[in-house]
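Novice: Just dropping this structure here.
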Amino acid sequence: MVAVVGPVLARQGGYAFDTWTVEDGVCCGPVYPLIEVALKAREATIDIAQAAQFGSRIEVSVCDSFEEFLSELAERGAPVRHWVTHVLDAVRVS
């Protein structure tokens, strides 16, 4: 399994990060009111995913920018058009 963790981005009502797996596609994360809380939640998600790597076939890719996340998804053949529109609309509203 491959997991890609996106960066924390401004969204309507606060900050959020998204994840992607082959099984689930792009999952939009919850919106946190404070960036510090979103960053801690992202770190916890990364820690859990990396801990799951040991003894299994999970590959975790952590992206620090929107562009890097898009690039990772494109490399993996993920359909992202709807998600990109959703994210860009949410960022414009903020």
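The values are calculated or read from the model by the stated rules, or taken from the named source; none is laboratory data. What you see is a predicted model; the values in this text were computed from it and never measured. Quick reminder, even Gly has a Cβ in these numbers, built from the backbone with ideal geometry, and neighbours come from all protein chains shown.
Novice: Hey, can you tell me all the residues within the range 1-32 that are assigned to a loop (DSSP other than H, G, I, E, B) and closer than 17 Å to ASP47 by Cβ?
Specialist: Selection gives MET1, GLY6, PRO7, VAL8, PHE17, GLY29.
Novice: If you check VAL87, VAL37, VAL4, which single one turns out to be at pLDDT 90 or above, surrounded by 13 or more Cβ atoms within 10 Å (Cβ to Cβ) and in contact with an Asp or Glu (Cβ under 9 Å, 6 or more places away or on another chain)?
Specialist: Exactly one residue qualifies, and that residue is VAL4.
Novice: Can you pull out every residue in the range 40-64 that is modelled with pLDDT of 90 or more, in a loop (DSSP other than H, G, I, E, B) and surrounded by 15 or more Cβ atoms within 10 Å (Cβ to Cβ)?
Specialist: Result: CYS63, single match.
Novice: Within the range 12-28, can you find the residues that are more than 12 Å from LEU73 (Cα to Cα) and crowded, with 20+ Cβ neighbours inside 10 Å?
Specialist: TYR15, ALA16, PHE17
Novice: May I pose another question? Search the range 19-48 for residues that are aliphatic (A, V, I, L, M) and pair each with any residue that is assigned to a helix (DSSP H, G or I) and surrounded by 15 or more Cβ atoms within 10 Å (Cβ to Cβ) when their beta-carbon atoms are under 7 Å apart and the residues are at least 6 apart or on different chains.
Specialist: VAL26/TRP83
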